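Quick notes on the structure that follows.
The values are calculated or read from the model by the stated rules, or taken from the named source; none is laboratory data. What you are looking at is a predicted structure, and each value in this text was computed from that prediction instead of being measured. FYI the Cβ positions are ideal-geometry reconstructions off the backbone, even for glycines, and counts take in every protein chain you see.
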Amino acid sequence: MALLELRDVSAAYGAIQILYGVSLHVDPGEVVSVIGPNGAGKSTAFKVIMGFINHLGGEIVFDGKSLVGQRPNRVLGLGLGYVPQGRVVFARMTVRENLEMGAYLERDKARIQQAMDYVFSLFPRLGERPRQLAGTMSGGEQQMLAMGRALMMRPRMMMLDEPSLGLSPRFVDEVFDKIGALAGTGLTVMLVEQNAARALEISDRAYVLELGRNRFEGTGRALLANPEVRQMYLGGQGAAAG
Amino acid sequence: MGESPDDIALDVRDLRKAFGGVRAVDGCSFAVPRGKISGLIGPNGSGKTTTFNLLTGVAQADAGRVLYRGEDIAGLKPFQVFHRGITRTFQITRVFREMTVFENMLSVTGLNVPDHAARARAEELLDLVNLTRLRGEYGGRLSYGQQKLLEFARALMTDPDLILLDEPAAGVNRTLLQHLLDHIHRLQEQGKTVLIVEHDMNVIMNHCERIFVMDYGVKIAEGPPAEIQRDERVIEAYFGRRRQS
């Protein structure tokens, strides 16, 4: 059974509808990407799952429970971690404080410390400087911190929104390595990426959205090899003409 | 200073701008053809809007030149650029929220136009973008799409020669967008030059004669739509590159 399933989901920012009946699922232990050109609705799909924006219709089920109408803190509590686009770390807080914020639903101090030790084992660079202010870290380090923060609740599944956006090529490699390592621990991962080639490389399966609708789906390998998917990014007409 | 041929409306040469350590525009050169509709595209963060800001005095270039009618306009203030006949719209709209729609239209007429002519022109342009019925509404009460249309109409108040549009399609419904595109073509037929930054590829590919593609702050390709759509470097810039190692 799927760990996360969206059936025919529509969603809007205020009055502007972005998703028109999107369906997708993620099985336990899978890495699944959601790709598509600007305005496809990729990040919106994540936001409606987390309960940040208006849900207009359709079913969203995580681990057998409906997420429709749930608030973000409740969704987190069910074991779905979320790393927002642009990293969004607390710049004036230290590494340790940022991680503690990630565990704000957890009251047991020992469990918080356990989770922090786990995060430090995955991201040794965070463990080396727990007192550094997050705002003074590089973009790549902030991305690691944001991922670490999402892991503090020990989620069953993690959603990453554009993890490589704005990072230098070296950090892009590192972020994708880390995502691969997390998947290797058995964590279920879903990511939205503008760098489609890199995302597909590490994905078991992927969905391609266009203007708020499902357009293609398949294994990462198959979609990488599909010229129609590449051509979509530059408008449809050329594909037919070319 | 360096002359540009007559068929070039705007000649951008080796433009550079860094924000802290980030080189947003990193030696970008392109020549916008006069009297045509051109597009400036590129993935998120490629430097398009920064380039627009450098062309219009909204930001100051660290280096490079922007030649317009034989003059280097890099370094001029926005109003100076504006008075030379260049207008623009913004991705994040900048209408006066506490002025009415009609007052917004008249706010840019610090020029030598008799008042009645300005009013007549404002009426005509508002009609064009279907905002006539909202002429008494405050700018801040318009939807995002309506603010974009107002900004577009306002940009035309001065009868500019060169019009820079930053994401005109975003948030505008399809019917109005078609209307707006029709008008952009009419401007071109009148001899105006239009440069569009836009993410909607259908708008770019169907309406621009020439396309400039930016990635990491530099121009990586230019040409007509059919050529750009098949350019491997452009596809790679949008779709991403597979791991090199």
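The residue that is surrounded by the most Cβ atoms within 10 Å (Cβ to Cβ), among those in segment B:43-60 that are within 14 Å of chain A (Cβ to nearest Cβ) and not in a loop (DSSP other than H, G, I, E, B), is B:LYS48. Once segment A:67-96 is narrowed to residues that are charged (D, E, K, R) and more than 18 Å from A:GLU193 (Cα to Cα), the residue that is surrounded by the most Cβ atoms within 10 Å (Cβ to Cβ) is A:ARG96. For beta carbons closer than 6 Å, sequence separation of 6+ or different chains, a first residue in segment B:26-46 that is within 13 Å of B:ASP215 (Cα to Cα) and a second that is in a strand (DSSP E or B) and among the charged types (D, E, K, R), the qualifying pairs are B:GLY27/B:ASP14; B:GLY27/B:ARG16; B:CYS28/B:LYS219; B:SER29/B:ARG13; B:SER29/B:ASP14; B:GLY42/B:ASP215; B:SER46/B:ASP215. In the condition set (1) at pLDDT 95 or above; (2) within 27 Å of A:LEU224 (Cβ to Cβ); (3) not aliphatic (A, V, I, L, M), B:ASP200 is compliant with all but (1).
Filter segment B:216-245 down to the residues that are within 22 Å of B:THR49 (Cβ to Cβ) and of a type in the set (Lys, Arg), then identify the one that is farthest from the other protein chains (Cβ to nearest Cβ). The residue in question is B:LYS219. The sole residue among A:GLN132, A:GLN237, A:GLN231 that is among the polar types (S, T, N, Q), at pLDDT 95 or above and more than 20 Å from the chain's Cα centre (by Cα) is A:GLN132.
Looking for something in a helix (DSSP H, G or I), farther than 22 Å from B:MET105 by Cβ, among the hydrophobic types (A, V, I, L, M, F, W, C) and touching a Lys or Arg at 6+ places or on another chain (Cβ under 6 Å) - is there at least one such residue anywhere in segment B:221-230? The answer is no, given that none of the residues of segment B:221-230 is in a helix (DSSP H, G or I), farther than 22 Å from B:MET105 by Cβ, among the hydrophobic types (A, V, I, L, M, F, W, C) and touching a Lys or Arg at 6+ places or on another chain (Cβ under 6 Å).
Checked against (1) in contact with an Asp or Glu (Cβ under 8 Å, 6 or more places away or on another chain); (2) free of Cβ contacts under 8 Å to residues at least 24 places away in the same chain, B:TYR68 meets all criteria but (2). For segment A:35-58, the criterion of being within 25 Å of A:ARG87 (Cβ to Cβ), within 14 Å of another protein chain (Cβ to nearest Cβ), assigned to a strand (DSSP E or B) and hydrophobic (A, V, I, L, M, F, W, C) is met by at least one residue. Quick one: would you say B:ILE211 is within 29 Å of A:LEU165 (Cα to Cα) and not in a loop (DSSP other than H, G, I, E, B)? It is true that B:ILE211 is within 29 Å of A:LEU165 (Cα to Cα) and not in a loop (DSSP other than H, G, I, E, B).
When the strands (runs of 3 or more DSSP E) confined to segment A:124-242 are screened for residues that are more than 11 Å from chain B (Cβ to nearest Cβ) and among the hydrophobic types (A, V, I, L, M, F, W, C), those reaching at least 2 such residues are found at A:157-161, A:188-192, A:205-210. When the test is whether a residue is aliphatic (A, V, I, L, M) and either free of Cβ contacts under 8 Å to residues at least 40 places away in the same chain or surrounded by fewer than 18 Cβ atoms within 10 Å (Cβ to Cβ) (or both), B:ALA221 passes it. Scanning segment B:43-59 for residues that are aromatic (Phe, Trp, Tyr) and under 26 Å from A:GLY166 (Cβ atoms) turns up at least one hit. Scan segment A:12-34 for residues that are part of a strand (DSSP E or B) and modelled with pLDDT under 90 and the total you get is 3.
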